[in-house]
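What follows is one structure encoded as structure tokens, with my remarks underneath.
Just so it is clear, none of the values below were taken in a lab; they were calculated from the coordinates. The model shown is predicted, which means the values in this text are computed figures rather than measured ones. Glycine gets a Cβ as well: all are built from the backbone with ideal geometry, and neighbour counts include every protein chain shown.
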């Protein structure tokens with residue numbers, strides 16, 4: 001299983017004009033709700049923000065990975081948004097400004113997929129200069145290509 | 001109107017009576033039993049009193065005709081009682097208590113026999129001045145007096161789950177003294193016949209009759225018991241075992257009836273053979289049969305009560321009854337005590353055994369009925385009345401004394417089964433309280449260290465208000481071993497499992513077991529009314545708990561047995 005097989009170009013966007021954490025996450029949720037079949041969008045939103053309340057998902061190096069296991073989700077969903085200017089109020093473990101937000105939604109019982117996708121994405125981002133490249137990506141296609149590029 | 005007549009025509013009063021009455025009997029008997037149990041009197045007494053109320057001495061709802069109709073049920077319950085009692089006579093028990101049983105048996109039986117014979121003989125002669133009649137009455141009553149009824153006695157043992165040397169001894173004695181009583185009765189009836197009857201009695205026949213009766217009963221019961229234990233070797237389904245066992249019991253009592261043998265003795269022989277031929281399998285068999293017995297027992301005891309006619313006492317019969325009662329009780333007390341002393345039994349047996357042998361029912365009543373068939377009316381009716389009345393009195397007081405003896409000797413509650421334990425336990429009795437709480441905001445690194453410091457497999461996860469949010473299992477944590485990179489930003493919340501079901505501390509264990517089964521769970525979080533985490537129940541711990549508790553009572557009972565050998 002590789003996270004790349006779950007990447008979809010139409011779930012990748014540039015956060016034009018969005019520089020607040022709440023708006024950024026909502027934007028990714030709305031985008032997902034449009035393209036994917038989510039039964040309970042309200043509940044999904046609530047659980048994502050509940051998780052943020054427990055601890056911010058800004059994991060450092062400018063990356064945030066809001067993630068949740070959610071009832072009724074059949075296949076993992078990955079939605080990505082980039083804000084080169086940074087999202088100022090997104091708290092991060094290393095206090096660096098968050099520029100890349102990757103939303104991950106998996107089924108409630110998909111414990112293993114959940115961890116695997118997270119682990120693969122983190123290691124993919126750490127490869128080469130991927131973080132830097134993504135921060136300067138100009139289109140969803142760019143982002144998709146960076147992430148799917150073989151070493 | 002036509003319809004009304006049609007309905008009336010359709011009602012068969014007899015069918016209506018017998019089935020409805022059986023229902024009423026079971027219902028009323030059980031309620032009576034419950035009421036008496038509430039005031040700490042064994043349920044048997046309640047059954048019998050309900051019997052008196054609805055029987056010939058009371059409302060006469062259950063009359064002699066109905067009692068006769070229900071006789072087969074009585075036989076069946078006597079058969080089951082005999083079978084269960086026989087099951088207590090294991091080879092190991094006989095070996096351990098053999099000598100003691102023998103002494104006590106001979107003494108309590110013979111003392112009751114002699115004392116009753118002397119007292120009733122004197123009283124009868126003083127009143128009737130008829131030597132033949134008096135001696136006949138006296139030997140017959142003496143022989144009947146030696147029997148002790150297993151039914152009411154064992155019922156009390158079962159009710160209070162008793163176990164220990166006293167229980168074993170009483171069960172052994174009540175199982176064996178019917179045989180003694182039958183032998184004595186066989187000879188007594190020969191003597192009485194010779195004294196009373198003008199008809200020529202075939203002495204040879206009278207002498208071998210008892211051997212035929214006892215030997216035949218043992219043969220039937222033992223033989224069919226052996227056959228049953230061979231058959232049951234191939235079956236493990238409970239319903240089959242039940243059907244085969246009850247079927248065999250029915251055959252044993254039916255054959256004994258046909259061949260004029262003692263059905264109680266035959267059923268006992270069957271139990272003895274079963275328990276000794278295949279001890280392990282029989283444990284299951286006896287368990288299954290025991291579960292089947294309650295309705296039959298209730299019916300049996302209610303019918304015993306309804307047979308009692310307490311309203312036609314004459315002075316002669318009254319005083320004779322008193323003599324019989326005093327002689328029997330005194331004889332049992334003295335005999336049991338001497339027997340216990342001579343056989344070096346434990347103090348508990350010496351002190352309390354004498355109070356466990358008062359009960360008298362099936363065998364005594366059966367013998368009394370036999371007397372009424374074999375002897376002229378005067379003797380027959382007198383003996384029937386004496387036995388019925390004294391049975392009533394001892395059945396009322398007998399169980400009370402047995403109960404007292406069980407509690408004084410501390411043998412109560414030691415004979416519990418796993419089902420009893422489950423029925424009487426609550427979730428909180430086996431709740432694991434020492435599980436360290438995991439907060440949902442706890443990072444994986446911290447959870448790993450908790451797992452490494454404790455042995456639990458499941459940890460409840462709670463929020464900052466202590467409310468249960470989920471559970472983390474070792475499997476959830478194992479997934480994290482894919483990489484250590486996530487450990488510092490993944491939380492308990494991210495890896496916990498949702499809660500499927502919870503229980504309260506006061507939830508009965510049986511209910512918790514149902515939930516485990518129905519939802520196929522391995523653990524159940526325990527919460528209070530506000531869903532705050534209190535602990536966790538692991539399904540594997542239930543087995544441990546039950547085994548430990550069973551072992552504890554086992555040891556307690558074993559200790560009582562060991563005190564035996566000083």
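Restricting to Cα pairs below 8 Å that are 6+ residues apart, what does the relative contact order work out to for chain A? Please round to a whole percent. Please list the in-between numbers first.
Values: 247 pairs, mean separation 43.8, N = 151.
Normalised by residue count, the contact order of chain A is 29 percent.
Treating r as the C-beta distance of residue B:501 and residue B:552 and R0 as 25 Å, the FRET efficiency rounds to 0.25.
Pairwise Cα separations in the protein assembly as shown fall into 20 Å bins from 0 onward with the following percentages, short to long: 15, 33, 19, 17, 13, 4, 0.
Ranked by Cβ crowding within 10 angstrom, fewest neighbours first, how are B:346, B:507 ordered? Before the final figure, lay out each step's value.
Numbers: B:346 23, B:507 17.
Listing B:346, B:507 from fewest to most nearby Cβ atoms yields B:507, B:346.
Among DSSP beta bridges whose residues both lie in the protein assembly as shown, state the antiparallel percentage, nearest 5.
Details: 24 of 37 bridges.
In the protein assembly as shown, approximately 65 percent of DSSP beta bridges are antiparallel ones.
Need one word for the stretch B:52-152: rounded, prolate or oblate. Basis is the Cα gyration tensor (sqrt eigenvalues a ≥ b ≥ c); a/c below 1.5 gives rounded, then a/b vs b/c decides.
On the way: a/c = 3.15, a/b = 1.04, b/c = 3.03.
Verdict is oblate for the stretch B:52-152.
What separates the Cα centres of the stretch B:317-362 and the stretch A:36-90 is a distance of 84 Å.
Rounded to the nearest 10 degrees, the angle from helix B:377-408 to the longest Cα principal axis of chain B is 30 degrees. Over the protein assembly as shown, dividing the summed -39,500 (n - 2.57) contributions of all DSSP H runs of at least 4 residues by the number of residues returns a 222 nm mean residue ellipticity of -21500 deg cm²/dmol. Modelled this way, with points 7 Å down the Cα-to-C-beta line, the labels at residue A:138 and residue B:227 are 10.0 nm from one another.
Here the contact order of chain B, divided by its residue count and restricted to Cα pairs under 8 Å and six or more residues apart, works out to 19 percent.
Once you have the Cα-Cα distance between residue B:424 and residue B:20, take 0.36 nm times their residue separation minus that, and quote the gain in nm to one decimal.
Working: separation 404, 0.36 × 404 = 145.44 nm, distance 3.38 nm.
Roughly 142.1 nm would be gained on extension.
Put simply, the stretch B:381-453 fits an ellipsoid with semi-axes of 61, 12, 8 Å; these come from the alpha carbon gyration tensor as the roots of five times its eigenvalues, largest first.
What does the structure give for A:107-119 when I average, per residue, the other chain Cβ atoms found within 10 Å of the residue Cβ?
Values: counts 0, 2, 2, 0, 11, 5, 1, 5, 12, 3, 0, 7, 8.
Partner Cβ neighbours, averaged per residue: 4.
Estimated at 0.36 nm per residue, the fully extended path between residue B:543 and residue B:102 surpasses their Cα-Cα distance by 154.7 nm. Expressed as an acute angle from 0 to 90° and rounded to the nearest 10, what is the orientation of the C-alpha long axis of helix B:91-128 relative to the principal long axis of chain B? The two axes meet at around 40 degrees. Based on DSSP, what percent of beta bridges with both residues in chain B are antiparallel, to the nearest 5? Here the share of antiparallel DSSP bridges comes out near 85 percent. Taking 0.36 nm per residue of separation and subtracting the current Cα-Cα distance, fully stretching the chain between residue B:475 and residue B:316 would add 48.8 nm.
Principal-axis analysis of the Cα atoms of chain B puts helix B:444-453 at an angle of about 40° to the longest axis.
Out of all DSSP beta bridges with both ends in chain A, state the antiparallel percent to the nearest 5. Numbers along the way, then the final one.
On the way: 9 of 19 bridges.
For chain A, the DSSP antiparallel bridge percentage is about 45.
The calculated P(r) of chain B, using every Cα pair and 20 Å bins from 0, goes 18, 43, 24, 12, 3, 0 in percent. For A:13, B:356, the sequence from fewest to most other C-beta atoms within 10 Å is A:13, B:356.
Mean per-residue shielding of peptide A:120-127 is 1, counting Cβ atoms of other chains within 10 Å of each Cβ.
Listed by Cβ neighbour count within 10 Å, with the fewest neighbours leading, B:289, B:183, A:106 appear as B:183, B:289, A:106.
Can you classify chain A as rounded, prolate or oblate using the Cα gyration tensor, where a ≥ b ≥ c are the square roots of its eigenvalues, rounded means a/c under 1.5, and otherwise it's prolate if a/b beats b/c and oblate if not? It would help to have the intermediate numbers written out before the result.
On the way: a/c = 1.40, a/b = 1.17, b/c = 1.20.
Note, shape of chain A comes out rounded.
Neighbouring Cβ atoms from other chains, within 10 Å of the Cβ of residues in B:545-558, number 0 on average. The order of the peptides B:255-263, B:100-108 by mean Cβ neighbours within 10 Å, most packed first, is B:100-108, B:255-263.
One Cα centroid belongs to the stretch B:392-407, the other to the stretch B:137-183; the line between them spans 12 Å.
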